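Peer 1: Structure incoming, see below.
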Amino acid sequence: MNAIELHNVSKEYTDFTLDHISFTLPSGCILGLIGENGAGKSTTIKLILDLLQKDSGTIKLLGKETSKDICLAKEDVGVVLDEVGIPGCLNARMVGHVMAGIFRQWCDSDFRMYLKKFQIPETKEFKNYSRGMKMKLGIAIALSHNPKLLILDEATSGLDPVVRDEVLNIFYEFTREEDHSILISSHIVSDLEKLCDYIAFLHHGKLLLFEEKDILRNAYAAVHCTEKQLSELNPTAVLYQNITPYGTEAIVKRDAIPNSFSMKPVSIEELFVIMANQTRC
């Protein structure tokens, strides 16, 4: 069973359209949703969670259509949105009591373990939390009711590098269970590059690309050559070029380049920036 399936999903606003988005998150995998602010990441996630009404298309969450019997599936979904919606007057201890009444599989010992691991004070009111502390509490909640799927919208935003790395390791360990999956959006592309099995590029409401990360990284490379050498290549093989007095740098399709060229790996972030810029041309 796939954890998430989107087929031709659209949502239109006055000044923005999420345009026929399709992708699948297989069970046991991690999908990174990449895009600049306003690309449609949060809209996509809210549609998946049935927090917004789609205009067209179909969405399945843990095998269930979100427009039908989705309530049971949501019991198995841990969610952290960009804004953690906890009343400001509650402290972490109170939050634990509230969540125990919401989730049938709530595990208070797990919740307290995460509070300790993330150094979240149990008696401090939520309104006095920093953004990073709010996100950590949201993550602790999401992980403490035995979910099969985590949906995370900028969940690592506001965390310092040490805590962020620790959280990423927790996410990675979560998917060691073959029926556990994660959809995570972030503008910190390096996090997703380390963590994810699949990458989806969103840009201005359109899905530029959806691919396995390893296939994507193996498909492209960086080369340093002369302008003449570059001109002899098939133009369709060159994704990006930068000609300087010191030589020419280019991002190319590996399988269309002669073996005589020295090639280096390209980061997912570099690829996204290049593809996004190409759409403006």
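Peer 1: Which of the residues spanning the range 1-32 are part of a strand (DSSP E or B) and in contact with a Cys (Cβ under 9 Å, 6 or more places away or on another chain)?
Peer 2: ALA3, ILE30, LEU31, GLY32
Peer 1: Also: Taking the range 183-220, which residues are of a type in the set (Val, Ile, Thr) and either under 28 Å from LYS74 (Cβ atoms) or surrounded by 15 or more Cβ atoms within 10 Å (Cβ to Cβ) (or both)?
Peer 2: Once the filter is applied, which keeps residues that are of a type in the set (Val, Ile, Thr) and either under 28 Å from LYS74 (Cβ atoms) or surrounded by 15 or more Cβ atoms within 10 Å (Cβ to Cβ) (or both), the range 183-220 yields ILE184, ILE188, VAL189, ILE199.
Peer 1: Before we move on, is MET113 closer than 16 Å to ASN146 by Cα, surrounded by 13 or more Cβ atoms within 10 Å (Cβ to Cβ) and without any contact (Cβ under 8 Å) to a residue 12 or more places away in the chain?
Peer 2: Yes: the conditions hold for MET113.
Peer 1: To continue, here is another question. Can you pull out every residue in the range 162-213 that is of a type in the set (D, E, K, R), assigned to a helix (DSSP H, G or I) and touching a residue at least 12 places away in the same chain (Cβ under 8 Å)?
Peer 2: Hits for the range 162-213 are ARG164, GLU166, ASP191, GLU193, LYS194, LYS213.
Peer 1: Quick check on ALA276: is it farther than 18 Å from GLY35 by Cα and under 28 Å from the mean Cα position of the chain (by Cα)?
Peer 2: no
Peer 1: OK, next. Suppose the filter is closer than 29 Å to SER27 by Cα and either free of Cβ contacts under 8 Å to residues at least 12 places away in the same chain or of a type in the set (Val, Ile, Thr) (or both); does THR156 pass it?
Peer 2: Spelling it out, THR156 is indeed closer than 29 Å to SER27 by Cα and either free of Cβ contacts under 8 Å to residues at least 12 places away in the same chain or of a type in the set (Val, Ile, Thr) (or both).
Peer 1: Let me ask another. Hey, can you tell me all the residues within the range 214-245 that are of a type outside the set (A, V, I, L, M) and touching a residue at least 24 places away in the same chain (Cβ under 8 Å)?
Peer 2: ARG217, ASN218, TYR220, HIS224, CYS225, GLN229, TYR240
Peer 1: Which members of the range 121-137 meet the condition of being surrounded by 22 or more Cβ atoms within 10 Å (Cβ to Cβ) and either touching a residue at least 40 places away in the same chain (Cβ under 8 Å) or over 20 Å from VAL77 (Cα atoms) (or both)?
Peer 2: Across the range 121-137, the qualifying residues are MET135, LEU137.
Peer 1: Being at negative phi, in a strand (DSSP E or B) and out of contact with any strand residue (DSSP E or B) (no Cβ under 6 Å at 6 or more places or on another chain) is the requirement here; does ILE243 meet it?
Peer 2: Here the answer is yes, as ILE243 does meet what is asked.
Peer 1: When both residues are 6+ apart or on different chains and their Cβ atoms are under 6 Å apart, which pairs have a first residue that lies in the range 258-276 and is assigned by TED's automatic domain parsing to the domain that holds LEU239 and assigned to a loop (DSSP other than H, G, I, E, B), and a second that is of a type in the set (Val, Ile, Thr) and surrounded by 14 or more Cβ atoms within 10 Å (Cβ to Cβ)?
Peer 2: Note: pairs meeting the criteria are PHE261/VAL223; VAL266/ILE251.
Peer 1: Could you tell me whether the range 40-60 includes any residue that is part of a strand (DSSP E or B), closer than 21 Å to LEU143 by Cβ and touching a helix residue (DSSP H, G or I) at 6+ places or on another chain (Cβ under 8 Å)?
Peer 2: The answer is no, given that none of the residues of the range 40-60 is part of a strand (DSSP E or B), closer than 21 Å to LEU143 by Cβ and touching a helix residue (DSSP H, G or I) at 6+ places or on another chain (Cβ under 8 Å).
Peer 1: Condition (residue is of a type in the set (Asp, Glu), in contact with a strand residue (DSSP E or B) (Cβ under 8 Å, 6 or more places away or on another chain), surrounded by 18 or more Cβ atoms within 10 Å (Cβ to Cβ) and free of Cβ contacts under 8 Å to residues at least 60 places away in the same chain) applied to the range 56-77: is it met by at least one residue?
Peer 2: no
Peer 1: Further question: HIS180 versus (1) surrounded by 14 or more Cβ atoms within 10 Å (Cβ to Cβ); (2) at pLDDT below 90: which is the lone unmet condition?
Peer 2: Unmet condition: (2).
Peer 1: Considering each of ILE141, ILE120, ILE102 in turn, give the residue that is out of contact with any helix residue (DSSP H, G or I) (no Cβ under 7 Å at 6 or more places or on another chain) and β-branched (Val, Ile, Thr).
Peer 2: Every option except ILE102 fails the conditions.
The values are calculated or read from the model by the stated rules, or taken from the named source; none is laboratory data. All values reported here derive from a predicted model rather than from experimental measurement. Quick reminder, even Gly has a Cβ in these numbers, built from the backbone with ideal geometry, and neighbours come from all protein chains shown.
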